Each structure stands twice: as structure tokens, then as C-alpha cells.
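In what follows, a structure is listed as C-alpha cells, so that the remarks can point back to it.
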Amino acid sequence: MTIYVLATDHVDTSARLCDYLITRLEGSDTVHAVNSLHGSDKTESQEIRDGKEALSVIRSRLGGRVTVETHQLVKGNDPAVDILTHAADVDADELVIGVQKRTPTAKVVFGSTAQSILLQTNRPTAVVPLTDTES
């Protein structure tokens, strides 16, 4: 039995994460899909709806194969903190996160959720590209 935590913020991210994970799943596994939003005036109602839709994609795509629990967290925390805390709470065996292709300038800027997760976790973490790579 493997416990996965998937971090998602968009339906396209959810689809890519599911594409990666679907062939690895066994019937006794559990997937925790997490969408984290800052809350208060930093979160618009559309972001909440987008997060719910992103979680719904994971439940729809993986729910027939394994147990799927969805969690939309609006606690005022940084998303990386929410994701890592949730992974610790469920004793996740693996995190699955998506990453965008970044420009050379953006690579200098530190602080993306994916970077924060990677630098703060000691759990195995699968990094799924969210854009097609060029040859």
C-alpha cells in the first residue's frame, strides 16, 4: 500500500499528474489530492472553483482504481507548507508535483511552490513536467 500526495492547482495539472501516476497505482494505494489557497483577500472565488475542478479531475480519473481523498485547504498558509504538512499528517510515501518550464530569468527567482517543496521535504518526490519538452 502506497500513500501518494498530489499537489494541484488546475485541471491541466491534475490531468498530467494522473497520466504519470495511473500506471503506477495498485488497488490498495491511496491518493490524497491537495489544492492549497492562501485565503482571505489573496484568493478569488474563481481560484476556489478552479481548485475544486482540479480535485474533481483526480477523483474522476483515479477514483475507480484506488481510494482518492480530496482536500482543498484555505488556511492562509503558503501552499508548500500546506502540502508538506498534509504529507506529514498522512505519512505519505511519495509526493507528486508538477513544474512549469521556466525562462532563464525565472530560474533565478526563488520561491515557487515546487521549489519550496523540493527543498523542504525528505520524502520521495516525483516531478512531472506540465509542458511538453522540446527536442
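The values are calculated or read from the model by the stated rules, or taken from the named source; none is laboratory data. Treat the numbers as computed from the prediction; the structure is a model and nothing was measured. Here the Cβ positions follow ideal geometry from the backbone for every residue, glycine too, while neighbour counts run over all protein chains shown. Remember, those area values only see protein heavy atoms, side chains included, never the ligands or the DNA or RNA. Shrake-Rupley method; radii C 1.70, N 1.55, O 1.52, S 1.80 Å.
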Fill in the blank from the handout: For residue 26 the rounded accessible area (nearest 10 Å², probe 1.4 Å, non-protein molecules ignored) is 120 Å²
Completion exercise
Between residue 93 and residue 19, the two model label points (7 Å from Cα along the beta-carbon direction) sit apart by a distance in nm of 2.5 nm
Fill in the blank from the handout: Per the helix-only model, the chain has a calculated mean residue ellipticity at 222 nm (DSSP H runs of ≥4, -39500 (n - 2.57) each, divided over all residues, rounded to the nearest 500) of -11500 deg cm²/dmol
Handout entry: Hull shadow area, averaged, segment 19-89 [alpha-carbon convex hull, nm²]
Key = 5.0 nm²
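Between residue 67 and residue 45, take the C-beta separation as r, use R0 = 30 Å, and let me know the FRET efficiency to the nearest 0.05.
On the way: r = 30 Å, r/R0 = 0.98.
Result of the calculation: an efficiency of 0.50.
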Problem - Shape box of the chain [Cα atoms, principal axes, largest first, Å] - result: 42, 41, 27
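Given Cβ point charges of +1 (Lys, Arg) and -1 (Asp, Glu) and nothing else, what value in debye, to the nearest 20, does the dipole of the chain about its Cα centre take?
On the way: 13 positive and 19 negative charges, 35 e Å.
Approximately 160 debye in magnitude.
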Handout entry: Dipole-positive endmost among 46, 33, 22 within segment 1-70 (Cβ charges, Cα centre)
Key = 22
